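The values are calculated or read from the model by the stated rules, or taken from the named source; none is laboratory data. Since we're looking at a predicted model, the values are computed, not measured. Cβ placement follows ideal geometry from the backbone for every residue including glycine, while neighbour counts extend to all protein chains displayed.
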Amino acid sequence: MGMRRLLCLGLLLAVSACGRSDETADSGSNPPPASSKCRHYAEQRQPFYGDLHVHTKYSLDANTQGTIIGPHEAYRFAQGEELGIQPYTPEGQPLRTTQLSRPLDFAAVTDHAELFGETEICTNPELEGYNSLECRFYRAAPAQAFIVFNFLGPGLIGLPTPTGGETIPRLPFCGLGGTRCVEAAKTPWRDIQQAAEAYYDRSAECRFTTFVGYEWTGAPLSNNLHRNVIFSSEVVPEIPASYIETPEPELLWESLAQTCLSEQGCGVLTIPHNSNLSGGLMFRTRDRHGADFSEEYAQARQLNEPLAEIYQHKGQSECLGTTGAGLADEQCGFELLPYRNFIGSQVSPAASGVPLEGDFLRAALKEGLRQEQLLGTNPFKYGFIGSSDTHLGTPGRVNEAGYPGHGGAGGSARNELPAGLTDRIENSPGGLAVLWAEENTRDSLFAAMRRREAYATSGTRPVVRFFGGWNLPAGLCSSRNFAADGYRGGVPMGGDLPAPPGSGVKPRFAVSALRDPGVAGEKAEPLQHIQIVKGWIANGEKHEAVYEIAGNKDNGASVNTDTCETSGAGYASLCSVWEDPDFDPAQSAFYYARVLENPSCRWSTRQCVAAGVSCADPDAVPEEFADCCNADYPKTVQERAWTSPIWYRAAQ
């Protein structure tokens, strides 16, 4: 299917999924009339917290690490039910339990689609192939089988992407043409759909929303190109299009355009994650044939990918903070992995190489502005969400305290309780996706994703709003109708500023943040300050700047890392209306807000303190806790939120 055909089908899909005109979907400035069945409908929208990146036993990496939690248990956990997690006794009893202190509003199980069938065959004795050499090896040596199945099978990690778009061969036990594994894949895919339907609250209470989804898992030569595929409804393709069948993002979009038809009620979007580990591939500016982007490609990418995951278990993908003109940003050191692809975690950081500036979303947003000047369309027009990437079936388990690890790229607890830290020192608990929507339903939440009215958090739950416009009142923070006035006078996060109403006018941006109130037994820190990050193009060159607009980054807040007690003042709320002092109407730009809390102990420090580790005598520190004294990693963390950007496009 050609790119033009893909774009046309995608446009139909987007309009159907959002249920409104393109203009309204893009701006988000006109909330729809109240016609909902939800009891807690809010015309000016409300924040819903969720996790759109969750793995269960159906993902081969989770399965080989001992995860036996399925989608049904994962959705119950997301709603507050206690869950037993690995390791397990020979009788199948869990040796650990975990529970959310606050339930989520929505979630999606996104298991790796590529090896659905292989995992099902090797774990189901009733299926042909269960006693194959490969499956016997899978059960006898799961850690080694993970490597074999990924490197020598479909090559999800070990091989470059095929040229010409041909499919990737499977292991021999899958049968001629891989048909046995393709057929077996239908069973987990069916269960994923059934779980999503079973736990979607369709009552007037609208307590919990599920989305059918999966992960498209391409990592040629260990360079991450992964996308989570999220469907708008229960109408989904018969079988997911994986990296095996569609070994390039363009091929994935083409397949979805053919199998997820809007006239049948199917809507879909893809959410890239971990660009920080993509080795220069996620935001490359050439298509799969090696040609420069065309306008059709840019339109298709913008349409299919309105969001990106800026933070999760495997680090942040916001910025690298390379030293240089306009690039120094101390906050870019937050949860920054020290390597550029999966070789860094599977082999060594040195074998991988250092991270690349162009693999981070801030750099991609700037490149998107440049591409827009060349093509007329911005291919990298991303809003932001966070998620966990848990491989334990524990959506939303993202707080630092009591962190059990997430498996996957982190440490495995298949056979025994972790002797030291529960995860690799460079990893973290991950974050949350927050969507501004009228109600907690699939239609409303999916529409929020489409228009990018979303923000990411590093795991806490502050409430953040961000508006931009030419006529926002300077006193908007004092208004009792902050949201209504913001929508009326501008556009929310994810939107586009219209053309300036006249010469000499500068855009104003209003940011409001309320601290996470926390819950009993789980303290949350007050807010510290708010920044606005701007990127722009001037004379063909890319620039960025960070502006302090509210609060005080030097407020004296501190952490006693021997006890994890925090001290110092902060803010229960912050609000500011900021006018860009450096605005030039001839320069396209983007703006997003970053809200930071007072510092607190990192997950690793909490575990080191609980274990009584003292780095005063390094020789006395047990080997399993050696990373407690690793000076390359901070002992504290500043939890934060990132809003989706607001864009300004200069007249051409």
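Annotations
- In the range 332-352, the count of residues that are part of a helix (DSSP H, G or I), within 27 Å of G494 (Cα to Cα), in the same structural domain as T285 (by TED's automatic domain parsing) and within 23 Å of the chain's Cα centre (by Cα) is one or more.
- Boolean, I530 is out of contact with any strand residue (DSSP E or B) (no Cβ under 7 Å at 6 or more places or on another chain), among the β-branched types (V, I, T) and either assigned to a strand (DSSP E or B) or crowded, with 23+ Cβ neighbours inside 10 Å (or both): no
- Scan of the range 506-525 for residues that are surrounded by 21 or more Cβ atoms within 10 Å (Cβ to Cβ), in contact with a strand residue (DSSP E or B) (Cβ under 6 Å, 6 or more places away or on another chain) and over 17 Å from Y648 (Cβ atoms), ordered by number: S512, A513, R515, E525
- From the list T441, T390, the one residue that fits, being within 13 Å of the chain's Cα centre (by Cα) and of a type outside the set (D, E, K, R), is T390.
- Residues (closer than 19 Å to N124 by Cα, free of Cβ contacts under 8 Å to residues at least 60 places away in the same chain and not charged (D, E, K, R)) located in the range 172-193: P172, F173, C174, G175, T179
- As for the range 225-234, it holds no residue that is outside any loop (DSSP other than H, G, I, E, B), out of contact with any Cys (no Cβ under 8 Å at 6 or more places or on another chain), surrounded by fewer than 19 Cβ atoms within 10 Å (Cβ to Cβ) and not polar (S, T, N, Q).
- Of the residues P125, P142, the single one that is surrounded by fewer than 24 Cβ atoms within 10 Å (Cβ to Cβ) and touching a residue at least 12 places away in the same chain (Cβ under 8 Å) is P142.
- Boolean, T377 is at pLDDT 95 or above, over 17 Å from the mean Cα position of the chain (by Cα) and in a loop (DSSP other than H, G, I, E, B): yes
- Single residue of K381, K366 found to be under 15 Å from R649 (Cβ atoms) and surrounded by fewer than 23 Cβ atoms within 10 Å (Cβ to Cβ): K366
- Checking Q587 against (1) closer than 23 Å to P492 by Cβ; (2) within 26 Å of the chain's Cα centre (by Cα), the condition it does not meet: (2)
- Search result, residues across the range 105-129 that are within 30 Å of D201 (Cβ to Cβ), among the hydrophobic types (A, V, I, L, M, F, W, C) and either in contact with a Leu (Cβ under 8 Å, 6 or more places away or on another chain) or not assigned by TED's automatic domain parsing to the domain that holds A433 (or both): F106, A107, A108
- Taking the criterion of being within 18 Å of S388 (Cα to Cα) and small (G, A, S), the residues of the range 85-112 that qualify are S101, A107, A108.
- Tally, over the range 284-321, of residues that are of a type in the set (A, V, I, L, M, F, W, C), over 24 Å from V434 (Cα atoms) and in a loop (DSSP other than H, G, I, E, B): 2
- Near pairs, Cβ below 6 angstrom, 6+ apart or cross-chain, from the range 476-505 (in the same structural domain as I646 (by TED's automatic domain parsing)) to any residue that is of a type in the set (D, E, K, R) and in a loop (DSSP other than H, G, I, E, B): P492/E453; M493/E453; G494/R451; G494/R452; G494/E453
- Residues in the range 249-281 that are at pLDDT below 95 and either among the hydrophobic types (A, V, I, L, M, F, W, C) or under 21 Å from G117 (Cα atoms) (or both): 1 in all.
- Among the candidates I239, I271, residue that is among the β-branched types (V, I, T), at negative phi and crowded, with 23+ Cβ neighbours inside 10 Å: I271
- Within the range 260-283, the set of residues being closer than 17 Å to Y243 by Cβ and assigned to a helix (DSSP H, G or I) comprises S275, L277.
- Within the range 99-153, the set of residues being of a type in the set (V, I, T) and over 21 Å from the mean Cα position of the chain (by Cα) comprises T119, I121, T123, I147, V148.
- Of all residues in the range 577-588, those that are of a type outside the set (A, V, I, L, M, F, W, C) have Cβ atoms under 8 Å from Cβ atoms of residues that are part of a loop (DSSP other than H, G, I, E, B) and surrounded by 19 or more Cβ atoms within 10 Å (Cβ to Cβ), 6 or more apart or on another chain, in E579/P507; D580/P507.
- Residue list for the range 520-555, restricted to those being within 18 Å of S644 (Cα to Cα) and among the basic types (K, R): K534
- Total residues in the range 64-84, condition more than 25 Å from R207 (Cα to Cα) and over 22 Å from the mean Cα position of the chain (by Cα): 4
- Annotation note: Cβ proximity below 9 Å between a residue of the range 251-273 that is farther than 24 Å from S317 by Cα and a residue that is basic (K, R) (sequence gap 6+ or interchain) occurs for L251/R288; E254/R5; A257/R5; G267/R450.
- S604 vs. criteria surrounded by 24 or more Cβ atoms within 10 Å (Cβ to Cβ) and over 20 Å from E330 (Cα atoms): yes
- Checked against (1) at pLDDT 95 or above; (2) out of contact with any Pro (no Cβ under 9 Å at 6 or more places or on another chain), Y403 passes all but condition (2).
- Options L252, L320, L256, L336: the member that is among the aliphatic types (A, V, I, L, M) and in contact with an Asp or Glu (Cβ under 6 Å, 6 or more places away or on another chain): L320
- Extreme residue, surrounded by the most Cβ atoms within 10 Å (Cβ to Cβ), among residues of the range 630-652 that are over 30 Å from M449 (Cβ atoms) and touching a Ser or Thr at 6+ places or on another chain (Cβ under 9 Å): K635
- Criterion violated by D201 - all others in (1) in contact with an Asp or Glu (Cβ under 7 Å, 6 or more places away or on another chain); (2) among the acidic types (D, E); (3) not in a helix (DSSP H, G or I) satisfied: (1)
- Of all residues in the range 68-92 being in contact with a Leu (Cβ under 6 Å, 6 or more places away or on another chain) and surrounded by 24 or more Cβ atoms within 10 Å (Cβ to Cβ), the one that is farthest from L432 (Cα to Cα): I85
- Condition met for S29 (under 30 Å from G486 (Cβ atoms), assigned to a loop (DSSP other than H, G, I, E, B), at pLDDT below 95 and under 26 Å from the mean Cα position of the chain (by Cα)): yes
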